[in-house]
Structure formats: C-alpha cells, structure tokens
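Heads up: the structure comes next, in structure tokens.
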Amino acid sequence: MNTSTTPTPIIVARNVDKRFGSFYALRNVSASFTEGQVTAIIGPSGSGKSTFLRTLNRLEKHDGGEIVIDGIELNDNLKHLDAVRREVGMVFQSFNLFSHLTILRNITLAPMRVRKMPKAEAEAKAMGLLERVGLKSQAHKYPVQLSGGQQQRVAIARALAMDPKVLLFDEPTSALDPEMVNEVLTVMRELAHTGITMLVVTHEMGFAREVADRVIFFDEGAILEDTTPQAFFTNPDHERAQAFLAQVRHGF
Amino acid sequence: MNWTKRYPGWTMFGAMVGLLVFLWGLAIPLSAAPAPIGPAAMQFAEGARITVWLTLIAGSVGVVLGVLAGMGKLSKFLPLRWVCDFYVWLIRGTPLLLQILFVWLVIPTVMPASVNLSDFACAAIALSLNIGAYNTECVRAGILAVPHGQIEAARALGLSPLQTFMDVILPQSMRVALPALANNLASLVKDSSLAYAISVVELTMVGYRVQAESYQPIPVFLTIATIYLILTTAFTTLTSALEAKLEVGQKR
Ligand SMILES: Nc1ncnc2c1ncn2[C@@H]1O[C@H](COP(=O)(O)OP(=O)(O)O)[C@@H](O)[C@H]1O
Ligand SMILES: [Mg+2]
C-alpha cells in the first residue's frame, strides 16, 4: 500500500485539545509522523510534552480534534484501543517494570497474554531482545536487583517484545544517574536505525541533534516549532525556543 | 537464618502435612490420656476437625469476598462503592455472635422450604461474611499500594483491564495484604468457637460438653487450649511461609 516515494503517515493528530478542568494542557495540536521517522520533542517543563505522548496511546483521552494511528481512529471504541496499543509501545521516565516478576517474565507477559504467544516462543524472543540490550545474563533477576540504566533497557526490550510500529519515549533518561544515561541512549540510537517510528521527549540535546530526523518544540500546550534538528539548533524561529536553548546550553 | 524464610515452600508443605496428620491422628494420643480426656478422645478429634473445616471454608470464601469488596470499594461505579462500604460498615459495627444468630434464625425464614441449611453451613456463611469484611480493608490498602506507573505500563502494553488486574495488581496487592490477612485467619481459628451458640459441635462445644459430664473443667480446658494453640501455630506457620515465598523480588 505504501510506495517508496510517498511516505505514509503512521500517526496523524489533527487539532488535538486536552483539558484538565479548565486548564488547556494541549491546545489545537496538529502533527503527523511518517513511518521510520525519529522525532525529538523538546520544551520547558509543563509545556504538554508528556500529555501529547500519552494521548497517542490513550493513557489520556483527548477532548477535541482527532488522532489516527495507522488508519485506526482513537476513540471510545475499545477494539480500536486494543489495536492501537498493540502497535504503539511506551517507555516511561520511571521504567515502571513489574516489580513482582523476573526480567524475563516482565518481557514475556504481554506477548503471552495479548498476542497469545506460546511460552517457549515468548521466552526465546525475550532472550533475543535482552541480548540486544546487553542484559541476557540478568534474565532471572528481579527489577530491584538492577541499576536504573539496566531497568530502562529492560523496559525498552519489554516494549519491543510486542513488535510495535511506534515507540513513545517520555524522558527515558531523566531519572538516571549521569553515568547511566549513555547506555540507554546507545540502545535508542541503535533502535533509530531499525526503521521503527520513534517519538522521544528528551532533554538530551546532543541525542536530539544527532539522532532525530525532526524536532518539535512545545510551549504552553502548543507546537511552536516543527523543523529539522539542524534548523532548530542553529536558528530557531521563536524567541521562546531561543530562550529555552540558551537556558539548556547554560545548564551544561 | 530462619528456616521458614529459607525454605518457604518446604515449610508450607510441612505445615500442611503436619496439620493433616494432627487432625487424622489426634485421637490416638488423646485416647491414651486418663479420664476425662481419654474416653472423649474421638469427640475432641471430631471437634478439632469441625473447627479446622470452618476456618478453611470461611478463610477461603473470606479472601474471595475481601478481594471482590476491596475492588468494589475502589470502583468508579458509585452504587457498587456504596454497597461495599455498607457491607464493611455493617459487619464491623455489629458483634460476630449476632451475625451468626442472624444467619441461623433469619435465613431459614426467607429461604424456600426446600432449602435446608445445616447449622454448620449457617456458621460457615456468617464467619465468611465476617472475615470478608475485615479482609476488604486489607485488600483495598494492598491495591492502593501498587505503583500507578506499573498499571499504566500494563495498559500501554495492551493488557486488558482484567489482565492488568490479575497479572499486575492482584499479585502485588496480595503480597502487601498478606500479613494482615494472615492475622485475620489466625483470629478466625478462635472466632469459629462462637459457632457453639447455634449448636455446631466444634472444639469449644466439645470441651463444654465433656466438662459438663465429668465435672473436671481444668484438664478439659487445658486440652482444648493446647489443641487451639497447635492449630493457630500451624496456620501462622503456613501464612508466614507463604509471605516469605511471595517476598521474592523485594529482596535486594
Ligand atoms: N493528570 C493531570 N491533572 C491535572 N493537570 C495535569 C495532569 N497531567 C498534566 N497536567 C498539567 O498539564 C500541563 C502539561 O503537563 P505535562 O504534559 O506533564 O508537561 P511536560 O511533560 O511537558 O513537562 C502541566 O501544567 C501539568 O501540570
Ligand atoms: Mg513530562
């Protein structure tokens, strides 16, 4: 269905609003993302970055506009929701591994329950993924026995076990000690080359600049800039973006 | 270290086998005892069996009731929350003896004549409802202790609400609730003695009868107390071994 010349948008968000009470966390947000694209989402704290990601797999319901993922509209239809959640994986700031399950079980749970994959197959697949993130030897440990960086790599493997077309990352390195940031970024960098669609909320400007195909800058619930990393980091259009960049650079 | 903690599986197995052997063979050592215990050995053994049955039945049903009402109390559906709140309020605010008498006297008048509930069944129903209400609060606290991020992770992986509950919420909340549930079970061993009021011939009733015939309350009540202590010890060992078994993953 998709020819190589016209890239298909896998995510389309049109005029999306999200309110908490009378407060607009997202205001008329429109963006579409093509398959294989890696997008860095940047912006000050409280600007709606997490909220935007979370509306894309309906951890938050949007109040206005529409969201279509791979041709499926996100609405109250539970069948649509199931289908979308199978295609969209998420990696959280705080890892959120299941603390009562071993690393291996953390990864096999969803394929076995949701995709009804036989246990042996799910475990073989999980071991392959663990090898990919460099944690094969930790398979039988529990999450508390792992460092933050290791836990986040497991969380990435867990999301990949469902073969998602899209992976959402919400500040995946923000909760990590500095010396663990790189091991997670390395895994993400490798992923970016596999053709999976990635939306990454991040404060790692180096990563955004080097790995992303596109940068979106959020401010006060709206998209202020939507451009290439090159353009964004050398010459942002808006004063708010310039101020943000100056502040971030100053911080490092 | 502690044997229970080091070999929880074997301890559970041992406590269970010990309990069964004790119930099975209780009459043998007792019959060797002098009057008034020896001649009544079979009665003591039968009383102990009834006590254990009441405990096991009401304990199991009570856990199911506790989980259902504990979930109900956290439901978004207001009437369900009211029903569960009312149930807990009613049971915890009235004496157990009254509840046992109520079930015994009132249920036969509202049931069709063809349904004939035994005294034992009435006691089991009342005790189940009673411990269920106390369990509700423990389960509710356990559910609230499960980190919300893990629930979001499960949903984002595509697990249904029921799968999320069974695979992520329930196991972790039971681990938190278990010490309190075990406490309730230990109380139940003793509370089951109130079934004597509706002429269920459990352990305390046996003791009462034997001493009334023999006019020797001291040896009779010492025997009864010893049997209760052995039973509560067996149940406590069983539950603390279960706790140790579930504690994996919390260890560093
Ligand atoms: N569940 C919620 N209830 C109320 N307000 C919320 C909730 N989640 C987010 N917000 C508000 O929405 C705004 C955007 O939040 P968020 O998307 O988390 O920002 P960011 O991820 O960019 O830091 C913030 O002002 C935040 O306080
Ligand atoms: Mg955020």
Being at the interface with chain B (Cβ under 7 Å from one of its Cβ atoms) and either at pLDDT below 95 or within 19 Å of the chain's Cα centre (by Cα) (or both) is the filter here, so list the residues in segment A:102-112 that pass it.
A:ALA110
Take the conditions open to solvent by 10 Å² or more (accessible area, probe 1.4 Å) and either modelled with pLDDT of 95 or more or away from every other protein chain (no Cβ under 12 Å) (or both) and apply them to A:GLU121. Does it pass?
yes
Residue list for segment A:39-61, restricted to those being away from chain B (no Cβ under 14 Å), under 23 Å from A:LEU191 (Cβ atoms) and within 10 Å of ligand 1 (Cβ to nearest atom)
A:ILE41, A:ILE42, A:GLY43, A:LYS49, A:PHE52
Across segment A:226-239, what is the number of residues that are touching a residue at least 40 places away in the same chain (Cβ under 8 Å) and open to solvent by 80 Å² or more (accessible area, probe 1.4 Å)?
0
In segment A:46-80, anything open to solvent by less than 20 Å² (accessible area, probe 1.4 Å) and more than 16 Å from ligand 2 (Cβ to nearest atom) is listed as A:GLY64, A:ILE67, A:ILE69, A:LEU74
Identify the residue in segment B:161-192 that is more than 13 Å from chain A (Cβ to nearest Cβ) and touching a Leu at 6+ places or on another chain (Cβ under 7 Å) and, among all such residues, is farthest from B:TRP53 (Cα to Cα).
B:ASP191
Test of understanding: among A:GLY36, A:GLY64, which residue is away from chain B (no Cβ under 14 Å), more than 8 Å from ligand 1 (Cβ to nearest atom) and closer than 21 Å to A:LEU191 by Cα?
A:GLY36
Of everything in segment A:15-24 that's more than 10 Å from ligand 1 (Cβ to nearest atom) and of a type outside the set (Gly, Ala, Ser), which residue is most open to solvent (accessible area, probe 1.4 Å)?
A:ASN15
Which residues, counting only those in segment B:95-124, are open to solvent by less than 50 Å² (accessible area, probe 1.4 Å) and either closer than 14 Å to B:ALA197 by Cα or within 21 Å of the chain's Cα centre (by Cα) (or both)?
B:LEU96, B:GLN99, B:ILE100, B:VAL103, B:ALA121, B:CYS122, B:ALA123, B:ALA124
One residue is enough: does segment B:76-94 have a residue meeting the conditions open to solvent by 40 Å² or more (accessible area, probe 1.4 Å), farther than 30 Å from A:ASN57 by Cβ and not in a helix (DSSP H, G or I)?
yes
Please count how many residues of segment A:83-101 are facing chain B (nearest Cβ under 8 Å) and either polar (S, T, N, Q) or in contact with a strand residue (DSSP E or B) (Cβ under 6 Å, 6 or more places away or on another chain) (or both).
7
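For B:ALA15, state whether it is over 29 Å from B:ALA212 (Cα atoms), surrounded by 20 or more Cβ atoms within 10 Å (Cβ to Cβ) and modelled with pLDDT under 85.
yes
Step by step: first the residues of segment A:163-181, then only those that are within 16 Å of ligand 1 (Cβ to nearest atom) and not β-branched (Val, Ile, Thr), then the one that is nearest to the other protein chains (Cβ to nearest Cβ). Which residue is that?
Ranking the candidates gives A:LEU168 first.
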Let me spell it out: the conditions are (1) more than 14 Å from every other protein chain (Cβ to nearest Cβ); (2) open to solvent by 20 Å² or more (accessible area, probe 1.4 Å); (3) within 16 Å of ligand 2 (Cβ to nearest atom), and A:THR202 meets all of them except one. Which number is the exception?
(2)
With the structure loaded, tell me whether A:GLU131 is under 19 Å from the mean Cα position of the chain (by Cα) and open to solvent by 30 Å² or more (accessible area, probe 1.4 Å) or whether it fails that test.
no
Collect the residues in segment A:136-161 that are surrounded by fewer than 22 Cβ atoms within 10 Å (Cβ to Cβ), in a loop (DSSP other than H, G, I, E, B) and not polar (S, T, N, Q), keeping them in residue-number order.
A:ALA139, A:HIS140, A:LYS141, A:TYR142, A:LEU146
Filter segment A:25-45 down to residues that are open to solvent by 80 Å² or more (accessible area, probe 1.4 Å) and farther than 16 Å from A:LEU167 by Cβ and give me whichever is farthest from ligand 2 (Cβ to nearest atom).
A:ASN28
Any idea which of A:LEU168, A:LEU185, A:LEU245, A:LEU191 is within 16 Å of ligand 2 (Cβ to nearest atom) and either surrounded by fewer than 22 Cβ atoms within 10 Å (Cβ to Cβ) or of a type outside the set (Val, Ile, Thr) (or both)?
A:LEU168
Would you point out the residue of segment A:87-123, among those that are in contact (Cβ under 8 Å) with a residue 40 or more places away in the chain and small (Gly, Ala, Ser), that is nearest to ligand 1 (Cβ to nearest atom)?
A:SER94
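The values are calculated or read from the model by the stated rules, or taken from the named source; none is laboratory data. For clarity, every value in this text was computed on a predicted model and none was experimentally measured. Every residue, glycine among them, receives a Cβ derived from its backbone with ideal geometry; neighbour counts consider all protein chains shown. For accessibility, only protein heavy atoms count, side chains too; no ligands or nucleic acids. Shrake-Rupley method; radii C 1.70, N 1.55, O 1.52, S 1.80 Å.
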